[in-house]
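Written below as structure tokens is the structure these notes are about.
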Amino acid sequence: MSTIADNLQAVEATIAAAVQQAGRARSMVQLLAVSKTFPAEAVLEAIAAGQRAFGENYLQEGVEKIAAVARAQPDAAVEWHFIGPIQSNKTRPIATNFAWVHTVERLKIAQRLSEQRPPELGPLNICLQVNISGEATKSGATPNELPELARAVAQLPNLRLRGLMAIPEPQADPALQRAAFAQLRQLGEALRADGILVDTLSMGMSGDMTAAILEGATIVRVGSAIFGTRNYHKDSE
Ligand SMILES: *Cc1c(COP(=O)(O)O)cnc(C)c1O
């Protein structure tokens, strides 16, 4: 059986091959290890192997894990990203516990996150979730809504708008995977052409990270390829 450290090494090799194929620098792509449904011990194993950025989907589970990891590794400088659906009455623990939020799809949520972000923590990094065609979930702003939403979010004082995120429908064909990611890249390029200086494309998971990197992903969100198959589904709090 492979360990988390072995899996991280294999994912690293996949990322290295993809950035080379794309002619991009390795430093342009951050690996976000998605630890949802796995215990703090699994995160600690990944930390011991050098991983520092982790993604969580379920708020209650994530907040407990963040505290447990901080107790065990107070000096590890771990960066936590919230990548799950956001309920508007549950924004405060997101604003206080996480460094990044990838799943903002409405201005009202962004306003609450900005109001509730403790200024001493510095701005909360935000990606807007976009529902590109063939989206696996119904979540996300439509491409039409995006420019206005981005302009409004960029004004909020305690947030820093970083870019876009999408979860395309799983596809086995790499050409179809790339076509979906190309749409998100083009939406980011359109924002930049409008003067909204986003620098992040959060796209690509265990099954399609190579295609995402070839289309310009700057964060790949990888769960099962690192931690193994998720065999229980915990619903959000
Ligand atoms: C679970 C999840 C991932 C990781 O998926 P894998 O296929 O296990 O790599 C990435 N992004 C989001 C938003 C997720 O919910």
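The values are calculated or read from the model by the stated rules, or taken from the named source; none is laboratory data. Owing to the predicted nature of the structure, the values given are computational and were not obtained by experimental measurement. Glycine also receives a Cβ, built like all others from the backbone with ideal geometry; neighbour counts cover every protein chain displayed. Each accessible area value is taken on the protein alone, full model and side chains, heavy atoms only, with ligands, DNA and RNA left out. Shrake-Rupley method; radii C 1.70, N 1.55, O 1.52, S 1.80 Å.
Considering only residues of region 210-233 that are part of a loop (DSSP other than H, G, I, E, B) and crowded, with 18+ Cβ neighbours inside 10 Å, which is nearest to the ligand (Cβ to nearest atom)? Ranking the qualifying residues of region 210-233, first place goes to G223. Residues in region 171-179 include none that are within 29 Å of L124 (Cβ to Cβ), in contact (Cβ under 8 Å) with a residue 12 or more places away in the chain and in a loop (DSSP other than H, G, I, E, B).
Looking at L164, L191, L146, L159, which one is closer than 24 Å to I86 by Cβ and crowded, with 23+ Cβ neighbours inside 10 Å?
Numbers: L191 fails: crowded, with 23+ Cβ neighbours inside 10 Å; L146 fails: crowded, with 23+ Cβ neighbours inside 10 Å; L159 fails: crowded, with 23+ Cβ neighbours inside 10 Å.
Every option except L164 fails the conditions.
Before we move on, is R185 open to solvent by 40 Å² or more (accessible area, probe 1.4 Å), more than 18 Å from R221 (Cβ to Cβ) and not β-branched (V, I, T)? So R185 does not fit the description; no. The single residue among T37, T91, T103 that is open to solvent by less than 20 Å² (accessible area, probe 1.4 Å), among the β-branched types (V, I, T) and touching a His at 6+ places or on another chain (Cβ under 8 Å) turns out to be T37.
A10 satisfies every condition listed in (1) within 16 Å of the ligand (Cβ to nearest atom); (2) outside any helix (DSSP H, G or I); (3) on the phi < 0 side of the Ramachandran plot except (2). Contact annotation: residue pairs with Cβ atoms under 7 Å, 6 or more positions apart or on different chains, pairing a residue in region 205-234 that is over 11 Å from Q30 (Cα atoms) with a partner that is among the aromatic types (F, W, Y), are A211/F181; A212/F181; E215/F181; F227/F38; K234/Y58.
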